[in-house]
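Participant: Please find one structure pasted underneath; my questions will follow.
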Amino acid sequence: MMLHCVAHVTTLFAKVNNATGRKVIQKDLHQLMEWSDTWQMPFNSSKCKVLHFGANNKIFSYFMGTRMLNVVNEKKNVGVCITSDFKSARQCQLAYSKANKVLELIAGTILYKDTDVLIKLYKTLFHPHLEYCVFAWWPHYAKDKSLLT
């Protein structure tokens, strides 16, 4: 089991392939709830989600207090979209969409279209959307690579 915290995001993940593993995760969730009560830092359980990975994953239900956590097929974590099949296609689509919005913004607002200015805008505003955490979601399918080039 591993607990990962960044700012206001807490991620709990582990390999669970049987009822015993499910009990361990459920116990960890219970301990997190106890900790949050002790330190008066409550979790918003309506925003907590469960993401199951892998095709042969047993789909277990988990609870925070009395609330059953919703199961999702994708979750954004620190700006990277993680899907249950671990494919990068959705992240590529999101990066492409963000980068295109930046290009539209540049085209619609910048009147002085000097090459040096446009290159600096490209490098500082557009390109980072295509590179952000790329080593975590590196596209390996040709269709995803072509979307980003």
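Since every read-out is calculated from the coordinates, none of them should be taken as a lab result. What you are looking at is a predicted structure, and each value in this text was computed from that prediction instead of being measured. Every residue, glycine as well, gets a Cβ built from its backbone with ideal geometry; the counts of neighbours run over all protein chains shown.
Participant: How many residues does region 18-37 hold that are surrounded by 13 or more Cβ atoms within 10 Å (Cβ to Cβ) and in a loop (DSSP other than H, G, I, E, B)?
Facilitator: Matching residues across region 18-37 total 0.
Participant: Of these, Thr66, Thr109, Thr83, which one is in contact with a Lys or Arg (Cβ under 7 Å, 6 or more places away or on another chain) and either of a type in the set (Ser, Thr, Tyr) or exposed (fewer than 10 other Cβ atoms within 10 Å of the Cβ) (or both)?
Facilitator: After applying the criteria, what remains is Thr83.
Participant: Among the residues of region 43-60, which ones are surrounded by 11 or more Cβ atoms within 10 Å (Cβ to Cβ) and not charged (D, E, K, R)?
Facilitator: Answer for region 43-60, where residues must be surrounded by 11 or more Cβ atoms within 10 Å (Cβ to Cβ) and not charged (D, E, K, R): Phe43, Ser45, Cys48, Val50, Leu51, His52, Phe53, Gly54, Asn57, Phe60.
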